[in-house]
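Visitor: Before anything else, here's the structure in question.
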Amino acid sequence: MTSLESLRRRHIDEVRQFTPEAVSHLDWSRDQVLENQTRRLRQVVAHAQQASPFHTERLGQVEASRLELSDLPSLPFMTKADVMDNWDRLVTDPELHLEGVIKHLQGLFRGEHQNYYYLDKYYAAATGGTSGKRGVFLWDWETFVVTANLTYRMEVQYDARHSVESPRRTAVICAGSFVHGSRMLFPTMLDPERDVLVISAATPMDQIYSQLHDYQPDRIVGYASIVEELCAAAIDGRLKIYPDRVSTNSEPLLPEARQLAFEAWGINIHNTWGSVEVGLGATEGQAFSGSTIAEDFLIVESVDAENRPVVDGAEADHVLVTKLYGTAMPLIRYEMTDTLVIDDGPNPDAPGYRRIADIKGRSDSWFVYSGNIKIHPMVFRGVLGQDRHISEYQVRQTDEGAHVLAIAHGDFAPSDVENALKTRLAEAGLGGAAVSIKQVDELPRHPETNKLKRFVPLKKT
């Protein structure tokens, strides 16, 4: 067994050892959830004050041992820009430096090495997120153990109460490289008897259909837009598989996709919400009444555009999230631009927890070309999100390919990125694509909301 295999095996073993405790939390009362949040918040802030120069400066005057949840609005919030501008001062391990992590990710992305563990104990990922602004984030050992359990604990709870027939096969459609968090997280099954097939989201759809047909999974995990394509293919007979559970991630799930799943397989879709920064934030249970927020390990504050609290049931402009686990990269009141509606009413899946009733965040859009060639945004994100010189970007579909607007810095080489995109597009089924990149100082935003649409498909005629 190689060193990488040994690390991965040990990590998954610890994930599964923690599963009984993670599942037991779902039975907590609201008082237990809030008591746990208060205790963990005090620990997180105290550690950040002591070990992170960035947090020492911004939270140094806070009496961590006396913090109450009601005190959170008085603490400063932080953004992705704050993380990137203060990376070395934010992390708590003096061995960690942004330059070293970037070199690690570049080597992994280029195939120069295969070890996705950094310093044999961390997992790093670069992401553009929904805004297109690049960020580099770090998961320590505990973060992965907890996040993997938050991802699948409701599924494990369901399986414990119902008989599950063999063979157990889950098909996971995610990023093709470990530089994106989905590749590390979603293929990690809590059930040791469950087999996993990993398919890159950049794979042409016909090939995905073929692999799924041969594999015959009883469960599917994938990007919401791809799941919608699978449902449509199953309905018209191009895909003959019969899953009994489908879970989506990374993109907003449209009501139309749920209807397609009912038509295709007679089942609803289990939705999730999260990000590379904070891990898996919410999962949908059997009641399909909203996604249960992982409030035993996260604090989620709904706020308006001025960061003032928004009452449950009202639409938030964005949310501020505090991670209550993992010590390497403390994120305290971290801004996420997702627009959510949170419901604090009775939760049949987990009585002590609030739910996300509606997710109104941006949705990545497929680019559809002549001949019904469909290109998933991950094809573009996999290249643009990994170039260290690109901080923000927007991709506009053209008749023969794409035009990219990029805010870049340093020794930016547009021709290298153009060639990389052409290669990835050809691999995804669009050969001979025309790709151009224009370096700009700012990206066009919505005149009223100032929001950025990162992927702009051609208008349908």
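Visitor: Name the strands (runs of 3 or more DSSP E) wholly inside the stretch 130-223 in which the number of residues that are surrounded by 22 or more Cβ atoms within 10 Å (Cβ to Cβ) is 1 or more.
Guide: Fully inside the stretch 130-223 and qualifying: 135-139, 169-174, 219-223.
Visitor: Run Val341 past the list (1) within 24 Å of Thr127 (Cβ to Cβ); (2) assigned to a strand (DSSP E or B) and report the number of the one that doesn't hold.
Guide: (1)
Visitor: Looking at (1) in a helix (DSSP H, G or I); (2) surrounded by 13 or more Cβ atoms within 10 Å (Cβ to Cβ); (3) touching a residue at least 24 places away in the same chain (Cβ under 8 Å), find the lone condition where Asp31 falls short.
Guide: Every listed condition holds for Asp31 apart from (2).
Visitor: Inspect all residues belonging to the stretch 389-396 and state whether any of them is under 25 Å from Ile173 (Cα atoms), surrounded by fewer than 23 Cβ atoms within 10 Å (Cβ to Cβ), not assigned by TED's automatic domain parsing to the domain that holds Asp82 and not acidic (Asp, Glu).
Guide: yes
Visitor: Could you tell me which numbered condition Val156 fails, if it satisfies all but one of (1) more than 20 Å from Arg10 (Cβ to Cβ); (2) modelled with pLDDT under 95?
Guide: For Val156, the exception is condition (2).
Visitor: While we're here: Take the residues in the stretch 384-414 that are free of Cβ contacts under 8 Å to residues at least 60 places away in the same chain and among the small types (Gly, Ala, Ser), then tell me which one is nearest to Gly432 (Cα to Cα).
Guide: The residue in question is Gly401.
Visitor: Still on this structure, please answer the following. Restricting to the stretch 51-100, what's the tally of residues that are among the polar types (S, T, N, Q) and within 19 Å of Trp139 (Cα to Cα)?
Guide: 4
Visitor: Any residue at all in the stretch 239-254 that's among the hydrophobic types (A, V, I, L, M, F, W, C), farther than 23 Å from Pro167 by Cα, buried (at least 21 other Cβ atoms within 10 Å of the Cβ) and under 17 Å from the mean Cα position of the chain (by Cα)?
Guide: Yes, the conditions are met somewhere in the stretch 239-254.
The values are calculated or read from the model by the stated rules, or taken from the named source; none is laboratory data. Computed from a predicted structure; not experimentally measured. Neighbour counts run over all protein chains shown; Cβ positions are idealised from the backbone, glycine included.
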